[in-house]
Amino acid sequence: MAILDKLPRHLFTRRGWGMLAAGAFTLAAAQVMGRRDLLTLALLLLVLPLVSLAGVRLVKPRFRVYREFSPSPVETSAPAAVYLAVARTGPGSGRVVMEERLPGHFGQAPAFRFPSRSASGGTSRYEYHLTSRYRGQFRIGPVTAEFTDPFGLSLHRRAIDDGDVLTVTPAAVVLPATGLAGARGNDGVTATRVRANPSDDDVMTREYRHGDPMRRVHWAATARHGALMVRQEESVTTPEATIILDHRSGAFAGGSGTAMPGLPGHDGHAAATSDTFEWSVIAAMSACAHFSERNFSLRLLDAGGDPAFLHSPSATDPAADEYSGPSGLQAIAEGLAAIHLSGTHHRLDGMHLDKTGKRAGQGVSAGSPVHGDEDHGPAAFDDQLMDKLSAHRMRGPLIAVLGRMTAQEAAALAPAAAYGTHAFALLAVERPGEFEDVLEVLRHGGWRAAAAAPKTPLPAAWGQLAQDPALPVAPAAEVRRGAGVAP
């Protein structure tokens, strides 16, 4: 029995292996004893398991599988119910042992028998629950079925469907009520200021944007500014919060690099992340929820001025950067579900990944790139970002969720504070004490800035932003000199 247990179980059952062993023994006895009847018996014992093995692989019973998640998508650490319906669509009978394949961090895969005791109309229904500690997109399934022949000699396990993708979004943390949102009315809107005796010069104007009708061009303002200006006709505007989410690999390379345990990146390798980036993703999600509850519309950009979810595989509309209402907040959550560090290759070279996606071995030394290549992502804080911020200037607060950055990068970002009613910068870094010079440059530019480690509670970091006063705004040349860059 102990020998039979060590034999492969994906070809024959213990009965099948026993029959093969008996056939081999009988064949040897027939040769030694010269008995023809023993030879016939040996051939029967050897051929029957082989014929059953061929038959169980050639005859493929067909099934239809329907899988539904509730809720979908689901937040991290929240339970999701999985409803399975399995029906046989081809000829066949008998009971079949089935198993649902799951990513390793979900725990033990559920197993069940088909048909179930409560089967109705040829369809068996099953239910189980999943909880994920990680955000991402995960392949749930396929259902694998173990088929055997009528004699119980051979086994064949195969997938009967392709599985479905479960999207797990980051859960927002409730942030303390502070004055970061600014003074707003009860309905979250702010009224346009109008003087007691208005004149044509008092009309609110803004820069011309593609699609504006020419009848709204304000020619006096156009002459003053040297660029097309149009009348801002709205008397009441909905405030808009702009969130800059930095996802450059170079900004989050320090500390312990990991790979996302969900679906692989576009190049087939595991998408890269880090502890600091995971903290920043939760910070961005929480800030979006915080402002959305206060009736702000939201705009999300990356450090280069592109839509924040342009390269997120879970984004419903990767090219979108403006969101509003509960549906907009849900779209943001889905975009953040599988967002990863940007770069040419989304992989961790020279690392072994366990089945949960975590890297085995020691962490990456501070300052070394997470990826094997030297590309740390797109250019950051350049004219493209400034143009995007300028187009929506003074519509509401500006929040930058950043990683590691140099004083030169801080100097490039510092003037952007002038485009928001308030400007807040939150740096997610392994050692916050090493970035005081960067915070000082941002503060001189008009930002309220703070640095936090991955273990820092997000509400505490948010409260620190409310307490951190921005320094008086210095001229741009002075900001550059403070960063050590020649004006």
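In this structure, the amide hydrogen of GLU75, modeled 1.01 Å from its nitrogen in the peptide plane, lies closer than 5 angstrom to those of THR169, counting only residues at least 5 positions away or on a different chain. For VAL86, what charge total do you get from the other residues with a beta carbon under 15 Å from its beta carbon, if Lys and Arg give +1 and Asp and Glu give -1? Surrounding charge for VAL86 is +2.
Counting beta carbons within 10 Å around each of THR13, THR276 and listing the fewest first gives the order THR13, THR276.
Computed FRET efficiency, Cβ-Cβ of ARG158 and GLU207, R0 60 Å: what is it to the nearest 0.05?
Working: r = 62 Å, r/R0 = 1.03.
Efficiency, rounded to the nearest 0.05: 0.45.
Rg/Rh for segment 63-169 stands at 1.01; both radii use Cα atoms, and Rh follows the Kirkwood definition.
For VAL51 and ALA24, a Förster radius of 25 Å and the Cβ-Cβ distance give a FRET efficiency of 0.90, rounded to the nearest 0.05. Once the convex hull of all Cα atoms in segment 372-450 is built, its volume per residue stands at 92 Å³.
Across segment 164-174, rounded Karplus estimates of 3J(HN,Hα) from the backbone phi angles (6.51 cos²θ - 1.76 cosθ + 1.60, θ = phi - 60°) give 9, 9, 9, 9, 10, 9, x, 7, 6, 9, 5 Hz, Gly and Pro being marked x.
To make sure I understand, if each residue's beta carbon is the centre and we count other beta carbons within 10 Å, what order do TYR208, TYR126, TYR66 fall in, fewest to most?
TYR66, TYR208, TYR126
Where a number appears in this text, it was derived from the coordinates with a stated rule and is not lab data. What you see is a predicted model; the values in this text were computed from it and never measured. Counting neighbours? That spans all protein chains shown, and the Cβs are built from the backbone with ideal geometry, glycine included.
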